[in-house]
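Taking it in order: structure first as structure tokens, then the write-up.
The values are calculated or read from the model by the stated rules, or taken from the named source; none is laboratory data. Fair warning: this is a prediction, and the values are worked out from it, not measured in the lab. Quick reminder, even Gly has a Cβ in these numbers, built from the backbone with ideal geometry, and neighbours come from all protein chains shown.
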């Protein structure tokens, strides 16, 4: 019986090339020099949201390996102390930080959770002291929340770094503003460099309605639409359709990372001046929305050197004028 050996990073990239060349799992295994079950297991265990990819597969393998090593590095006395704290009804997080504070040892709460459930599989009762008795736990090691996941979404972490530098026009951030009691709403879009705002009413908060309005708003500016970044709400589930129609790359912000959505929050706040949070958005008109958008786009902003988003977006040179401000801003 052959001894099983884990694939290396180099082999994973070789597998990727063979897979792209159209070889099936059996042929790939022959080329790599491993059993075909190894390839099958690899594709099954190390598959992510966008299918199997060599870099992600290696990361998943490394994470599992690290958890295994971390568990083995603690002595029986250490585990006895950890179990004592759990039996006193401390949570794994509390136990881990208590031990760290006392200088006893450093251990992650995830490893304590895994130890508790391994104890359960062996007939132990350690798990009964945990406050949450779930059959399956969220897999923290993967770094991904799987509830309501949007198919084939691409993380903001994979977005080109140059986008954050705001050196060119064409990178947008999208969001929605919802009315009081969830009645009515609008899609909002803001261009990162110029702060230029687009908005449109949505009569349906479902993905199809959001997609239609987003595409309608950005189609006139397709030449200035290279990337769009959304939050991970299901309303943007048709992102692939939007990307195809606008010929743009679409990315999704990480959950609970509010600092990745600062521009959205700022511009939504500007819109709230005209449509407060206590207002239902079912009775407002598209004309009212566009009037508010125009006022925002023609308002000088300190971050733009007191130029207007309109002037920056359309690359209009700033010149001194004695015309009234309302007229000057529109020239």
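If you check 97, 122, 152 for being farther than 21 Å from residue 45 by Cα and modelled with pLDDT of 85 or more, only one passes: 97.
One residue is enough: does the range 222-236 have a residue meeting the conditions modelled with pLDDT under 90 and out of contact with any strand residue (DSSP E or B) (no Cβ under 9 Å at 6 or more places or on another chain)? Yes - at least one qualifying residue is present in the range 222-236. Anything in the range 211-241 that is closer than 20 Å to residue 254 by Cα and free of Cβ contacts under 8 Å to residues at least 40 places away in the same chain? List them, or say none. Listed by number, the list holds a single entry, 238. The single condition among (1) in contact (Cβ under 8 Å) with a residue 24 or more places away in the chain; (2) assigned by TED's automatic domain parsing to the domain that holds residue 312; (3) surrounded by fewer than 20 Cβ atoms within 10 Å (Cβ to Cβ) that residue 151 does not satisfy is (2). Within the range 81-93, being in a helix (DSSP H, G or I) and over 28 Å from the mean Cα position of the chain (by Cα) holds for 81, 82, 83, 84, 85, 86, 87. Tell me, please, whether a residue that is modelled with pLDDT under 90 and either closer than 26 Å to residue 109 by Cα or assigned by TED's automatic domain parsing to the domain that holds residue 116 (or both) can be found in the range 26-34. Looking for residues that are modelled with pLDDT under 90 and either closer than 26 Å to residue 109 by Cα or assigned by TED's automatic domain parsing to the domain that holds residue 116 (or both), one finds none in the range 26-34, hence no. Taking the criterion of being closer than 24 Å to residue 155 by Cβ, without any contact (Cβ under 8 Å) to a residue 24 or more places away in the chain and touching a helix residue (DSSP H, G or I) at 6+ places or on another chain (Cβ under 6 Å), the only residue of the range 1-47 that qualifies is 46. Could you tell me whether residue 212 is at pLDDT 90 or above, closer than 20 Å to residue 293 by Cβ, surrounded by fewer than 21 Cβ atoms within 10 Å (Cβ to Cβ) and in the same structural domain as residue 281 (by TED's automatic domain parsing)? Yes: the conditions hold for residue 212. Of the residues in the range 62-78, none is surrounded by fewer than 17 Cβ atoms within 10 Å (Cβ to Cβ), under 33 Å from the mean Cα position of the chain (by Cα) and at pLDDT 85 or above. Of the strands (runs of 3 or more DSSP E) lying entirely inside the range 145-211, those containing at least 1 residues that are closer than 30 Å to residue 281 by Cα and out of contact with any helix residue (DSSP H, G or I) (no Cβ under 6 Å at 6 or more places or on another chain) span 171-178, 185-191.
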